[in-house]
Amino acid sequence: MKSTVEQLSPTRVKINVEVPFDELKPNFDAAYRKIAQQVRVPGFRPGKVPARVLESRIGRAPVLDEVVNEAIPAKYIEAVRAGEVRTLGQPEFEVTKLEDREVLEFSAEVDVRPEIELPDLAGLEISVDDVETTDEEVAEQLDELRARFGTLTGVERPAQTGDFVSIDLSATVDGKAVEEASTTGLSYEIGSGQLVDGIDEAIVGANAGETKVFTTKLVAGEFAGQDAEVTVTVQSVKERELPEADDEFAQLASEFDTIDELREDLRTRLGRVKKMQQGVQARDKVLEILLERTDVPLPEKVVEAEIENRKHDAVHPFDHDEEQFAKALEAEGRTLDEFNAEVKEESEKAVRTQLLLDTIADKEQTSVNDGELTERIIYQAQRFGVSPDEYVQRAQQSGQLTAIYADVRRGKALASVVRGTTVKDASGAEVDLTELFGADEEAPAEETQVTEEAAATPAE
């Protein structure tokens, strides 16, 4: 087999392959066996028809078709490996010459990873927000904890923000009932924002047994983007009573004996969260600098695939009804053209990010061990609410295990750049992110979360 690689652009090549027929003997043998199972010839058992008899019966063409269809993908992979071509996405094949019993020639056009000249990664310096935990934030966390142990008590007064109400709902659009918007006995916390716009304003001030009518724009369903007249009836009003923030509560809600110890623990936890946010901010700023300073040619087909994948995900909740999706966008004050422009921009940035991080990973010779891959799988499984075994099974079925490996490798590559960056907070003090990004190539577990978003693999 002979093969040559022709560079069409920085991101696309044409691979020309020439295969002598004597190399295709295993393919012909497999084709004869396969076709023989499908053809019935008197005097021969299924699968035992000799090749000459088979060809005289059905002709040479079906055999050639089977051989060509089976041989081209395999020979293409051989040519890619021989030429050390770093392909992206699926190739477009074309048979350029087929001389029976002589030669098969074909070409394959495919996107490839471009050569990227990296900027100087040494001496980077960025600024991030200060980490400061206020008493008000600690008090807010304590109130949220108290709310978990709160009790609901019925009240004889108009409803107000923070109350829990039991309501009946119905809606119409131009006099037609909206079935999915009708319900009874629904429990709702006023001010939570978990129902349609306008309902809080309608309910506040209403007494039990009172009915209110208001107009809102629906954002999903058959009538997405249209104004609906909503009728809400308040059946009951309850307020949440919180337990006192004292030592007794601390012993009930935590492992601490005093409320002061509980507050200090909440402050520590908030500090960890803010430190993580500081790490995410550092990561994002480093990535933005790298993207600004690096010319990354975009493989057209890979970008197109990423755009289609994002559009598919956006329309999926609407049963792929693009008209309903457009109405939902309209309800949000956006147009389909604006959405398409945003998706295109986001997709191009995602692909540029992957290619850039892959290049850094190659330069740094970044590797991924079994423990790091397992850690990512467990993290992803928790995100999707499934067991690690089930997540691996799904990933294997969809061919995503390689993508997971690539995500971890890219995350480690980005972390290596962050580790070499001077990070200062808004006050000018140098920030130590070792806890998040590690002191050397072996980054800690927290890096999985910190680098997750930046290392997401685009569709290919």
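Laboratory data are not the source of any read-out in this text; all were calculated from the coordinates shown. Quick caveat, the model's predicted, so the values are computed rather than measured. Positions of Cβ are backbone-derived with ideal geometry, glycine not excepted, and every protein chain shown enters the neighbour counts.
Over all alpha-carbon pairs in segment 83-188, figure out the percentage whose distance exceeds 15 Å.
Percent of Cα pairs beyond 15 Å in segment 83-188: 85.
Determine the relative contact order of segment 152-241: mean sequence separation of Cα pairs under 8 Å and six or more apart, normalised by residue count, in whole percent.
42 percent
Please list, by residue number, every one of the trypsin sites (Lys or Arg not before Pro) in segment 303-372 that is coil in DSSP and has at most 15 other beta-carbon atoms within 10 Å.
Passing sites in segment 303-372 are Arg334.
Let me spell out the model: positive unit charges on the Cβ of Lys and Arg, negative unit charges on the Cβ of Asp and Glu, origin at the Cα centre of segment 87-236. What dipole size does that give, in debye rounded to 20?
That gives segment 87-236 a dipole magnitude of about 1120 debye.
How big is the chain in terms of Cα radius of gyration and Dmax, in angstroms?
Here Rg and the maximum Cα pair distance are 31.2, 95 Å.
Using every Cα-Cα pair within segment 2-112, state what percent have a distance larger than 20 Å.
Percentage above 20 Å: 47.
Let me have the relative contact order for segment 2-112, percent, based on Cα pairs under 8 Å that are six or more residues apart.
With pairs under 8 Å counted, the relative contact order is 36 percent.
What size of dipole, in debye to the nearest 20, comes out for the chain about its Cα centre when the only charges are +1 on Lys and Arg C-beta atoms and -1 on Asp and Glu C-beta atoms?
The dipole magnitude comes to about 3100 debye.
Provide the FRET efficiency to the nearest 0.05 for the Ala61-Gln396 pair, computing r from the beta carbons and using R0 = 35 Å.
0.40
Report, in deg cm²/dmol and to the nearest 500, the calculated mean residue ellipticity at 222 nm for the chain, where each DSSP H run with n ≥ 4 adds -39500 (n - 2.57) and the sum is divided by the residue count.
After summing the helix terms and dividing by the residues of the chain, the value is -15000 deg cm²/dmol.
Ranked from highest to lowest mean number of other Cβ atoms within 10 Å per residue, what is the order of the peptides 293-304, 376-387, 401-412?
401-412, 293-304, 376-387
So how much slack lies between Asp130 and Lys97, counting 0.36 nm per residue of separation and subtracting their Cα-Cα distance, in nm?
5.2 nm
Going by average Cβ neighbours within 10 Å, how do the peptides 272-279, 354-361 rank, with the highest at the top?
354-361, 272-279
State, as an integer percentage, the relative contact order of the chain based on alpha-carbon contacts under 8 Å between residues 6 or more apart.
15 percent
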